[in-house]
Amino acid sequence: MGYIIKEFIDAPSVYACLECGSHLARRDDVISRTFQGRLGRAYLTETVVNQRLGKEEERLLMTGLHTVCDLHCRVCDAIIGWRYVRAHDRSQQYKEGRYILEQSRIYSIDQPVKPGPDGQMSPGAVSCEVAADMQSSLQT
């Protein structure tokens, strides 16, 4: 099969795959946190790394008919959301080419940025914390 090269996102805060911890998206790149996924709340984002797409299919979602592809973690193959390929309703076309990340399939990593020995800013020790809203959804 070959090697899987994981991409590391050099940002203060990122979302990662709940199964394997691979970086997926910068928290600052999330467009909306008010979407509904198959498993509950979800985030709309422009870019996702360490991902692979499933086959295109027509899916009737809350906002109408869309052509979508399941979004898999490239490292562990867990389904983490989907990608909008086409929105059949004109008012929903802003979603085309963007991704949904299922909140229950990801967690937040906060990476304090500290100056290195050369004075350059680089990530310091990585501390992992489950996103606050994910914690609250697990408690209910």
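The values are calculated or read from the model by the stated rules, or taken from the named source; none is laboratory data. Remember, it's a predicted structure, so these values are computed and weren't measured experimentally. Backbone-built Cβ (ideal geometry, glycine too); neighbour counts: all protein chains shown. Each accessible area value is taken on the protein alone, full model and side chains, heavy atoms only, with ligands, DNA and RNA left out. Shrake-Rupley method; radii C 1.70, N 1.55, O 1.52, S 1.80 Å.
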> So for Val68, Val75, what's the accessible-area order with a 1.4 Å probe, most first?
Replying inline: Val75, Val68
> Excluding Cys20 itself, what net charge comes from residues whose Cβ is under 14 Å from its Cβ, given Lys and Arg +1 and Asp and Glu -1?
Replying inline: +1
>> Using amide H atoms built in the peptide plane, which far-off residues or other-chain residues are under 5 Å from Gly81 H to H?
In response: Leu71, Glu102
>> Spelling out what I want: for every residue of segment 81-89, take phi, set θ = phi - 60°, compute 6.51 cos²θ - 1.76 cosθ + 1.60 (Karplus), and round to whole Hz; glycine and proline get x.
In response: x, 8, 10, 7, 8, 8, 10, 7, 8
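May I ask for the Kirkwood hydrodynamic radius of segment 1-54, worked out over all distinct Cα pairs and given in angstroms to one decimal?
12.4 Å
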> With every protein chain in place, what's the accessible area of Lys6 (1.4 Å probe, Å², nearest 10)?
Replying inline: 110 Å²
> Among residues other than Ile100 whose Cβ falls under 13 Å from its Cβ, what is the net charge (Lys/Arg +1, Asp/Glu -1)?
Replying inline: +4
>> Relative to 2.2 N^0.38 Å, what does the C-alpha radius of gyration of segment 1-115 come to as a ratio? Two decimals please.
In response: 1.07
